[in-house]
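The values are calculated or read from the model by the stated rules, or taken from the named source; none is laboratory data. Source: prediction; values computed, not measured. Don't worry about glycine lacking a Cβ; one is built from the backbone with ideal geometry, like all the others, and counts go over all protein chains shown. We work out accessible area using only protein heavy atoms, side chains counted, and drop any ligands, DNA or RNA first. Shrake-Rupley method; radii C 1.70, N 1.55, O 1.52, S 1.80 Å.
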Amino acid sequence: MKIVLLGAPGSGKGTQAAFIKQKYNLPHISTGDIFRDNIKNNTPLGAQVKSIMDTGMLCPDDLTIEMVKDRLRKPDCHNGYLLDGFPRNLFQAESLNRFDAPDIVINIEIDLNKIRRRITGRRSCPKCGGSFHIDFIGDVKECPNCKGQLIIRKDDNPETVKERLAVYERQTKPLIDFYESKGKLVNIDGDKQIDEVFAEIVKVLEK
Ligand code: AMP
């Protein structure tokens, strides 16, 4: 099964991706995570994208597309994939359609007013990749999963969040119509509780 997860920053894509990965044993490919790993490991790619990511803008298409193509060629993707954060614009979506089109696109819909609160309360664990919200775990410093040191992602500050939401509106939202017209889109209400959202996704995937 080849799945694309669509949704605004803070819609819960990453959280749902972790559940889907566990249940269906699909490789979870998050372009944001791959870029962040490269920055953490001081690679040339990391150096190229660091300042762009700090502003909330998108990294260059050619570089991002090549990175995803390479990843999808790996043997663990032969039975499908779970893409999170890619494609992010029409150019990337058209390109993906040519090299490895998705079977289904799950669009997690969320009220944009709630997003700011969701993102600014987010705490991330660089060690296990977990993402949590202070409303659930409190303002703690330790990762509830692995005891790693929780951080606030550099691009989760209010200024960058504003830009990321603007980029989403301008560039990523048109993908909803794009995939709708191809009969691939399923909308999921992302305002519900995490486990309810996941139950909806499972229902759709098992149809
Ligand atoms: P995310 O973790 O998905 O919110 O992504 C964090 C940042 O990584 C984005 O704000 C972009 O700067 C960059 N990024 C992630 N995915 C893509 C993509 N598909 N195309 C371009 N830039 C991306």
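Structure summary
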quantity: Surface accessible to a 1.4 Å probe, residue 133 within the full protein complex, Å²; calculated: 30 Å²
quantity: Overall dimensions of the chain by Cα: Rg and Dmax, Å; calculated: 16.2, 45
quantity: Cα-Cα over 22 Å, subset of 50/162; 2/154; 13/127; 74/203; calculated: 2/154; 74/203
quantity: Neighbourhood net charge (10 Å Cβ-Cβ; Lys/Arg +1, Asp/Glu -1) for residue 77; calculated: +2
quantity: Whole-Å semi-axes of the stretch 100-207's equivalent ellipsoid (Cα gyration tensor); calculated: 28, 19, 13
quantity: Heavy atoms of residue 156 accessible to a 1.4 Å probe, total area in Å² rounded to 10; calculated: 0 Å²
quantity: Accessible surface, the stretch 1-148, averaged per residue in Å² (probe 1.4 Å); calculated: 50 Å²
quantity: Span-rule helices in the chain, defined as complete DSSP H runs reaching 18 Å or more along the axis (Cα) with Kyte mean at least -1.0; calculated: 44-55
quantity: Free-standing Cys, the chain [no other Cys Cβ under 4.7 Å]; calculated: 59, 77
quantity: Debye, to nearest 20: dipole size of the stretch 25-88, +1 on Lys, Arg Cβ, -1 on Asp, Glu Cβ; calculated: 80 debye
quantity: Helix-derived mean residue ellipticity, 222 nm - over the chain, DSSP H n ≥ 4, -39500 (n - 2.57), to 500; calculated: -14000 deg cm²/dmol
quantity: Pairwise Cα inverse-distance average, inverted: Kirkwood Rh of the stretch 9-53 (Å); calculated: 11.7 Å
quantity: Solvent-accessible area, 1.4 Å probe, carbon plus sulfur percent, for the chain; calculated: 50 percent
quantity: Binned Cα-Cα distance frequencies in the stretch 23-89 - 5 Å width, integer %; calculated: 3, 17, 27, 25, 15, 9, 4, 0
quantity: Accessible area of residue 181 in the full protein assembly, 1.4 Å probe (Å², nearest 10); calculated: 90 Å²
quantity: Residue-span extension gain [residue 151 to residue 101] - 0.36 nm each, minus C-alpha spacing; calculated: 14.5 nm
quantity: Kirkwood hydrodynamic radius (C-alpha pairs) into Stokes-Einstein, the stretch 71-128, 10 °C and 1.306 mPa s, D in µm²/s; calculated: 111 µm²/s
